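Here the structure is laid out as structure tokens; the discussion comes afterwards.
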Amino acid sequence: MEKSTLKLTRKIQILVDLPTKEERKEKLDKLYQYQNRCFRAANIMMSHMYVQEMIKDFFYLSEGIKYKLADEKKDKDGILQRSRMNTTFRVVCDKFKGEIPTDILSSLNNTLLSTFNKNKSDYWKGLCSLRNFKRDMAFPFPAKTMSRISYNPDKKAFCFRLFSIPFKTYLGKDYTDKRKLLERLVEGNMKLCTSKIKLKDGKIFWLAVFEIEKEEHALKPEVIAEASLSLEYPIVVKTGKTKLTIGSREEFLYRRLAIQAAYKRTQEGITYCKSGKGKKRKLKAVEKLRDAETNYVSHRLHLYSRTLIDFCVKNQAGTLILINQEDKIEIAKKEDFVLRNWSYYELMTKIKYKADKVGIELITA
């Protein structure tokens, strides 16, 4: 049976809600410590999971060695002192005891085990390598660790406590649905799932995961919309006698190439810039353009996918078929220019998410 809910992730900046700079720095340092221990624990867990899964392939072990991954108390052939899930959790708990809350390690263990089980067949076949985690990874925490979430009219922010640290949100000029989601969470009309904390350049971001009900629309499964994705026209969609072209080459590709050219010119010109107190001032112009292309592409693809789904809903199309995509993907792989500038997979991801949200069946042909 198809689920009536889906999970929605929103990136929300939060601030440590303490009066003095010293207190805020102390709590921020503690969060960086959690991040460091989480990154180390994640790599240790993945290594142990891989060894446990592949131990039966260690053909050079004695024939008398048992290798069934089960609790020895529950299975006579088991080689573990506890359940498999608990083994990796206990390893990192014993190693980082008192340095990081166990709730973080528990959430991390559950997430990694789920991911590992999904990809273990590819590991066994040698189709992909074991995942490696970086120092700046976001660390997870269960919803139960967050308490006292409410809206404070004096601070004009949503406030809550996490691991005994007071936080407040900073939404700024937010034109998305973050504020509405937080309001529903405070009212108890929204469920918060396991979320993450991301630290970047001294800023704290809360990657909040909300469980929401799918939108209900009067869609007809027998009404089919056919869409084609390409670099010439980002999306062309038709259903019946109605046809719509979304975006154009001039709007998407030429603007993207212009940003790339501006970035390259700036890189070449920084040789003659005044350095001042070091490379930070010299690279200031480059840093302004570093994420310009990514932000522009992400915004345009959001707009294109939103327009496509709105077209389907308006015409009551319950089925969306992306036609001739396999051939176009093969062509893109052979052309470096097309592969670099098409952003096919990102557009597909956004279409799939938005289609699932409104209950449209997506088929790729």
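The values are calculated or read from the model by the stated rules, or taken from the named source; none is laboratory data. Note that the structure is predicted; figures quoted are calculated from it, not measured. All Cβ positions, even for glycine, are placed from backbone atoms using ideal geometry, and neighbour counts span all protein chains on display. To get the accessible areas, we keep the full protein, side chains included, count just its heavy atoms, and leave off ligands, DNA and RNA. Shrake-Rupley method; radii C 1.70, N 1.55, O 1.52, S 1.80 Å.
Only a single criterion out of (1) touching a Leu at 6+ places or on another chain (Cβ under 7 Å); (2) at positive phi is not satisfied by residue 166, namely (2). From the list 11, 7, the one residue that fits, being at pLDDT 90 or above, among the basic types (Lys, Arg) and closer than 30 Å to residue 155 by Cβ, is 11. Which of (1) in contact (Cβ under 8 Å) with a residue 24 or more places away in the chain; (2) open to solvent by less than 80 Å² (accessible area, probe 1.4 Å); (3) within 30 Å of residue 353 (Cα to Cα); (4) not β-branched (Val, Ile, Thr) is the odd one out, the single condition residue 255 does not satisfy? Going through (1) in contact (Cβ under 8 Å) with a residue 24 or more places away in the chain; (2) open to solvent by less than 80 Å² (accessible area, probe 1.4 Å); (3) within 30 Å of residue 353 (Cα to Cα); (4) not β-branched (Val, Ile, Thr) one by one, residue 255 breaks only (2). Of all residues in segment 35-52, which are touching a strand residue (DSSP E or B) at 6+ places or on another chain (Cβ under 6 Å) and within 25 Å of residue 165 (Cβ to Cβ)? If the condition is that a residue be touching a strand residue (DSSP E or B) at 6+ places or on another chain (Cβ under 6 Å) and within 25 Å of residue 165 (Cβ to Cβ), then 35, 38 are the ones that fit. Residues that are in contact with a helix residue (DSSP H, G or I) (Cβ under 6 Å, 6 or more places away or on another chain), part of a helix (DSSP H, G or I) and open to solvent by 50 Å² or more (accessible area, probe 1.4 Å) within segment 268-284 comprise just one, 282. Each residue in segment 164-200 was checked for being open to solvent by less than 90 Å² (accessible area, probe 1.4 Å) and assigned to a strand (DSSP E or B), and 11 pass. Candidates are the residues of segment 346-365 that are among the aliphatic types (A, V, I, L, M) and outside any strand (DSSP E or B); the one that is nearest to residue 320 (Cα to Cα) is 360.
Quick check: anything in segment 201-216 aromatic (Phe, Trp, Tyr), within 24 Å of residue 297 (Cβ to Cβ) and open to solvent by 70 Å² or more (accessible area, probe 1.4 Å)? Looking for residues that are aromatic (Phe, Trp, Tyr), within 24 Å of residue 297 (Cβ to Cβ) and open to solvent by 70 Å² or more (accessible area, probe 1.4 Å), one finds none in segment 201-216, hence no. Select from segment 229-252 the residues that are polar (S, T, N, Q) and at pLDDT 85 or above and write down the one among them that is surrounded by the most Cβ atoms within 10 Å (Cβ to Cβ). Restricting to residues being polar (S, T, N, Q) and at pLDDT 85 or above, the top hit is 239. When residues in segment 16-53 are screened for being more than 25 Å from the chain's Cα centre (by Cα) and either under 17 Å from residue 114 (Cα atoms) or open to solvent by 60 Å² or more (accessible area, probe 1.4 Å) (or both), 10 of them pass. I need the full set of residues from segment 138-163 which are open to solvent by less than 40 Å² (accessible area, probe 1.4 Å), assigned to a strand (DSSP E or B) and among the aromatic types (Phe, Trp, Tyr), in order please. Across segment 138-163, the qualifying residues are 139, 141, 158, 160. The one condition from (1) in contact with a Ser or Thr (Cβ under 9 Å, 6 or more places away or on another chain); (2) at pLDDT 85 or above that residue 70 does not meet is (2). Of the strands (runs of 3 or more DSSP E) lying entirely inside segment 213-255, the ones with 2 or more residues being more than 28 Å from residue 6 (Cβ to Cβ) are found at 242-246.
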